[in-house]
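Undergrad: What follows is a single structure, and I will ask about it in a moment.
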Amino acid sequence: MMKDDRSMHPGGRCEEPQGGPTRRMPAILAALLALAALVTFPIAGGSAHAAEYMVIANAANPDAAKGDAMKEVVKHLFLKEQTNWPGGLPARPLARPAGSPAETAFAAEVLGMNASALDNHWLRLKQTKGETPPRAVGSARILLRLVGKYPGAFSVVSADEVDTLPPETKVVFRFEH
Amino acid sequence: MSKNHSKRFLKQRSGICALVSMLALTIALDGSSAMAAGSPQDSGTDAGKSSESDRIATLEKRLSEVLGVVDALRQEVARLKAQKGAGAGAPAGTDLARRIDALSEQVASTDARLDEIEDIAIETDEKVGSRALARVFNADSLDIGGFLHTAATLVDGKQNTEASFNRLTFELLARAKLSQNWSVFVAQAFIRESGINYTDPAARLDPNFNVVSKTPLVIATANYHHSDLLNLEIGRFITPHGIINIEHFPAILLDPEQPQFLRPFGGQTIFANFMNGLKLSGQTFAGFGGKGTLGYAAYAASFVGNSDHFNYGGRLFYRFGDTGFTLGANVGGGKRAGTGTQYWLAGGDLLYDKGPVLWKTELFATDEDAGGNRLAFYTQPAFRLDDQWTAFYRFDFLDDGSGRGDRTEHAVGITFKPDPDIHLRLIARRDHFQAALGLPKANAENYQFSATFSF
C-alpha cells in the first residue's frame with residue numbers, strides 16, 4: 001500500500017504536496033481559466049456596459065405611442081424609403097453627427113447597417129433621386145426642441161444625454177447598444 | 001420646530017427664575033435667623049465670639065452653595081442661549097445654501113447652453129464667414145451636388161494597342177423642393193471624352209465606349225409626390241428597367257462601363273437608357289414583418305432618337321425583407337429608332353445584397369418586328385472584402401440582333417473607396433466577338449483605371 005503523503009487539514013480537505021504533478025495541474029487549469037477569462041470578460045464587460053438609447057418623436061404624433069411596432073417604420077422613414085408616418089404625418093427625421101454614439105447605435109440596432117452601408121445608401125439616393133441624408137443635430141437640447149416643434153419629427157438620443165424629456169416629445173421605443 | 005424650541009426655552013427660564021427667587025428667600029431667612037441668633041444680648045464675650053464664627057462659617061458655606069447654584073444657572077443660561085442661536089440660525093443658513101445651490105445649477109446650465117450656441121455659431125461662421133449666401137428664387141430648399149468621373153483605358157486589340165485618358169465627366173445634380181409635394185430634380189452632365197485612337201469601322205474590336213464630347217441633360221424631372229404609393233415624374237428620366245440602368249451613376253457602380261446592352265450610352269440597344277415623358281412609381285411595405293418591399297414603376301415616353309413614337313413599359317419588384325433578395329420583372333414595348341418598327345421587351349432581374357455579397361443578374365429578351373430578336377444577359381457577383389475594398393467579376397452576353405455576331409465580355413476588377421465619396425477602380429476586360437457574315441471572330445482586351453469623386 002502506497003503511503004499517502006498528503007496531510008489532512010482540520011477541515012478534512014487534503015493539501016497537495018508542493019511541486020508534485022497534481023500541484024501543477026491546478027496551476028495549468030488556473031492559467032487556462034485566466035486565459036478564458038481574458039477572452040471572455042471583455043465581451044461580458046461590453047454587454048454589461050451597454051448604453052440605453054431612445055427613439056423620440058413629437059408628442060402630437062399618434063404613431064409615437066405604438067412603441068416597438070414602429071421600429072420598422074422608423075427605419076423606412078429615416079432611410080427616406082417612406083415619407084409619411086402611418087397616421088399620415090409627413091416624417092421629418094433628424095440624424096445625429098456621424099460617428100457619434102447615438103448615430104452608431106441607431107444605425108446598428110434600428111437600421112441594421114454599418115457606416116459604410118449607410119454611406120452607400122445615401123450616395124445611391126442622392127444620385128438617383130436627389131435625396132439627402134437627414135440633417136444631423138449635435139446638441140441634444142436643440143434636438144429635443146426641434147422634435148418638439150415639428151409634428152412629424154423624430155430622432156435618437158442616449159439616456160445619458162437627457163435628464164427629463166420635454167412634454168412636447170415622447171419616447172417611441174428604447175434600445176440598447 | 002422653532003416655536004417648540006422657544007416654548008421650551010421660556011418654560012426653562014421661568015423655572016430658573018423661580019429657583020433664584022427661592023434661593024434669595026432662603027438666604028434672606030438664613031441671614032435673619034443668623035442675625036437673630038447672633039444678637040449679643042449680653043450673654044458673655046467668649047460665647048458670643050464662638051457663636052459668631054459658627055454663623056460666619058455657616059454663611060460662608062451657604063454662600064458657597066449659592067455661588068455654585070449661580071454658576072450652574074449661568075451655564076444653563078449660556079447653554080440655552082447657544083441653543084436659541086443655533087435654532088434661530090439653522091433655517092436661515094439652510095435656505096441660503098439651497099438658494100446658492102439652485103443658482104449654481106442654473107448658472108452651470110446656462111453656461112452649457114451658451115457653449116452649445118457658441119459652438120453652433122462658430123461652425124456656421126466657418127461655413128459662411130463673410131461670404132454671401134446663395135438663395136433660391138422660389139423653392140423651400142435647394143440641394144446641389146454632383147461628381148467628377150475620369151478613366152484611363154488601354155485597349156489591346158487584334159491590330160494594335162492604344163491608350164488614352166478617355167473619360168472625363170463632370171455632372172451637376174440639383175434638387176429643388178417647391179412644396180411638400182412638388183420638387184424638381186436635374187442632372188446636367190459636361191462630358192469631355194478623348195476617344196481612344198482605335199480604327200475599327202465595324203465597331204467590333206472597340207469596346208464600344210462612347211468617344212464624344214457633349215453636355216447632355218441627363219435627368220430633368222418635375223416630381224409630384226402624392227403618397228409613397230404614387231409619385232409622378234414628368235420630363236427626362238432614367239428608364240426604370242433592371243438594376244444597373246436605374247443605379248446608372250458611376251459613383252455607385254462597381255464597373256462604370258455599364259453592361260453591353262446599355263451601350264452605347266444614350267442608345268436603344270435593348271431599351272433606351274433615358275426617356276422623355278411621364279413616369280409613375282411607388283412602393284409599399286408588405287410581408288416579412290413589414291420588411292418586405294413591393295414597388296413598381298411604369299412609363300410612357302419617347303426616346304430622343306425616335307421622338308415621334310412612344311415607348312412604354314415598367315418594372316415590378318419585391319424585396320424579400322432582410323433576406324437580401326430582390327426580384328424584378330420587366331415588360332416594355334414601342335418603336336425602334338430609325339426603322340420605327342415595333343418591339344416587345346421582357347426581362348427579369350435578381351439582386352442579392354447581404355453581408356459581404358453583392359450579386360446582380362439581369363436578363364432581357366426582345367421580340368422585333370424587323371431584324372433579329374435581341375438577347376442580353378449578365379451576372380455580376382461581387383465580394384466586399386471590407387468597407388473599402390470590393391472585388392467583382394462580370395459575365396456579359398449580348399446578341400444585339402444586328403447579325404454581326406454575338407459578343408461576350410468578361411470583366412474582373414477591384415474597387416477601393418478610401419473615402420465614402422471617392423471610388424477608385426482597376427478593371428480588366430476581355431471581349432470576344434463571334435464570327436459573322438464577312439467578319440472574322442475577334443478578341444479585344446482592355447484595362448481601365450477609373451476614379452469617381454462625389455460631392
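Undergrad: Tally time: how many residues in region A:74-99 are among the aliphatic types (A, V, I, L, M) and away from chain B (no Cβ under 12 Å)?
TA: 2
Undergrad: Here's another thing I want to ask about it. Among B:Ala121, B:Ala132, which is the only one that is modelled with pLDDT under 90, within 14 Å of chain A (Cβ to nearest Cβ), out of contact with any Ser or Thr (no Cβ under 9 Å at 6 or more places or on another chain) and over 30 Å from B:Asn181 (Cβ atoms)?
TA: Every option except B:Ala121 fails the conditions.
Undergrad: Let me ask another. Residue check: is B:Leu280 open to solvent by less than 40 Å² (accessible area, probe 1.4 Å) and more than 14 Å from chain A (Cβ to nearest Cβ)?
TA: Against the criterion (open to solvent by less than 40 Å² (accessible area, probe 1.4 Å) and more than 14 Å from chain A (Cβ to nearest Cβ)), B:Leu280 does not qualify.
Undergrad: Kindly indicate whether any position in region B:403-419 is closer than 24 Å to B:Leu350 by Cα, of a type in the set (Ser, Thr, Tyr) and open to solvent by 40 Å² or more (accessible area, probe 1.4 Å).
TA: There is no residue in region B:403-419 that is closer than 24 Å to B:Leu350 by Cα, of a type in the set (Ser, Thr, Tyr) and open to solvent by 40 Å² or more (accessible area, probe 1.4 Å).
Undergrad: Within region B:124-156, track down each residue that is more than 26 Å from the chain's Cα centre (by Cα) and closer than 21 Å to B:Gln258 by Cβ. Walk me through it before giving the result.
TA: Going through region B:124-156, the residues more than 26 Å from the chain's Cα centre (by Cα) turn out to be B:130-132, B:137-138, B:150-156.
Scanning region B:124-156 gives B:Thr150, B:Ala151, B:Ala152, B:Thr153, B:Leu154, B:Val155.
Undergrad: Let me ask something else about it. Only one of A:Ala117, A:Ala102, A:Ala153 is under 21 Å from B:Ile422 (Cβ atoms) and either within 14 Å of another protein chain (Cβ to nearest Cβ) or touching a strand residue (DSSP E or B) at 6+ places or on another chain (Cβ under 6 Å) (or both). Can you tell me which?
TA: Of the residues listed, the single one that is under 21 Å from B:Ile422 (Cβ atoms) and either within 14 Å of another protein chain (Cβ to nearest Cβ) or touching a strand residue (DSSP E or B) at 6+ places or on another chain (Cβ under 6 Å) (or both) is A:Ala117.
Undergrad: Still on this structure, I have one more. From (1) within 30 Å of B:Trp182 (Cβ to Cβ); (2) in contact (Cβ under 8 Å) with a residue 24 or more places away in the chain; (3) open to solvent by 40 Å² or more (accessible area, probe 1.4 Å), pick out the condition that doesn't hold for A:Asn120.
TA: Evaluating A:Asn120 over (1) within 30 Å of B:Trp182 (Cβ to Cβ); (2) in contact (Cβ under 8 Å) with a residue 24 or more places away in the chain; (3) open to solvent by 40 Å² or more (accessible area, probe 1.4 Å) leaves (2) as the failure.
Undergrad: Can you tell me how many residues within region A:123-177 are open to solvent by less than 20 Å² (accessible area, probe 1.4 Å) and basic (Lys, Arg)?
TA: 0
Undergrad: Given (1) at pLDDT below 95; (2) open to solvent by 40 Å² or more (accessible area, probe 1.4 Å); (3) in contact with a helix residue (DSSP H, G or I) (Cβ under 8 Å, 6 or more places away or on another chain), where does B:Gly321 come up short, assuming only one miss?
TA: Of (1) at pLDDT below 95; (2) open to solvent by 40 Å² or more (accessible area, probe 1.4 Å); (3) in contact with a helix residue (DSSP H, G or I) (Cβ under 8 Å, 6 or more places away or on another chain), only one is false for B:Gly321: (2).
Undergrad: Can you name every residue in region B:342-397 that is within 14 Å of chain A (Cβ to nearest Cβ) and in a loop (DSSP other than H, G, I, E, B)?
TA: B:Gly355, B:Pro356, B:Leu385, B:Asp386, B:Asp387, B:Gln388, listed by residue number.
Undergrad: Just a yes or no: is a residue in region B:168-175 over 30 Å from B:Tyr447 (Cβ atoms) and charged (D, E, K, R)?
TA: So far as region B:168-175 goes, yes, one or more of its residues are over 30 Å from B:Tyr447 (Cβ atoms) and charged (D, E, K, R).
Undergrad: Moving on. Listed residues B:Asn223, B:Asn231; which is of a type in the set (S, T, N, Q), open to solvent by 20 Å² or more (accessible area, probe 1.4 Å), farther than 26 Å from B:Ser454 by Cα and within 13 Å of chain A (Cβ to nearest Cβ)?
TA: B:Asn231
Undergrad: Is region A:118-141 home to any residue that is within 20 Å of the chain's Cα centre (by Cα) and under 24 Å from B:Pro356 (Cβ atoms)?
TA: yes
Undergrad: Within region B:288-314, track down each residue that is within 14 Å of chain A (Cβ to nearest Cβ), more than 25 Å from the chain's Cα centre (by Cα) and open to solvent by less than 40 Å² (accessible area, probe 1.4 Å).
TA: B:Ala297
Undergrad: May I ask you to say which residue of A:Ala105, A:Ala69, A:Ala115 is in contact (Cβ under 8 Å) with a residue 12 or more places away in the chain and open to solvent by 20 Å² or more (accessible area, probe 1.4 Å)?
TA: Going through A:Ala105, A:Ala69, A:Ala115 in turn, the sole match is A:Ala115.
The values are calculated or read from the model by the stated rules, or taken from the named source; none is laboratory data. Computed from a predicted model, the values in this text were never measured in an experiment. Glycine also receives a Cβ, built like all others from the backbone with ideal geometry; neighbour counts cover every protein chain displayed. Only protein heavy atoms, including side chains, enter the accessible area calculation; ligands, DNA and RNA are left aside. Shrake-Rupley method; radii C 1.70, N 1.55, O 1.52, S 1.80 Å.
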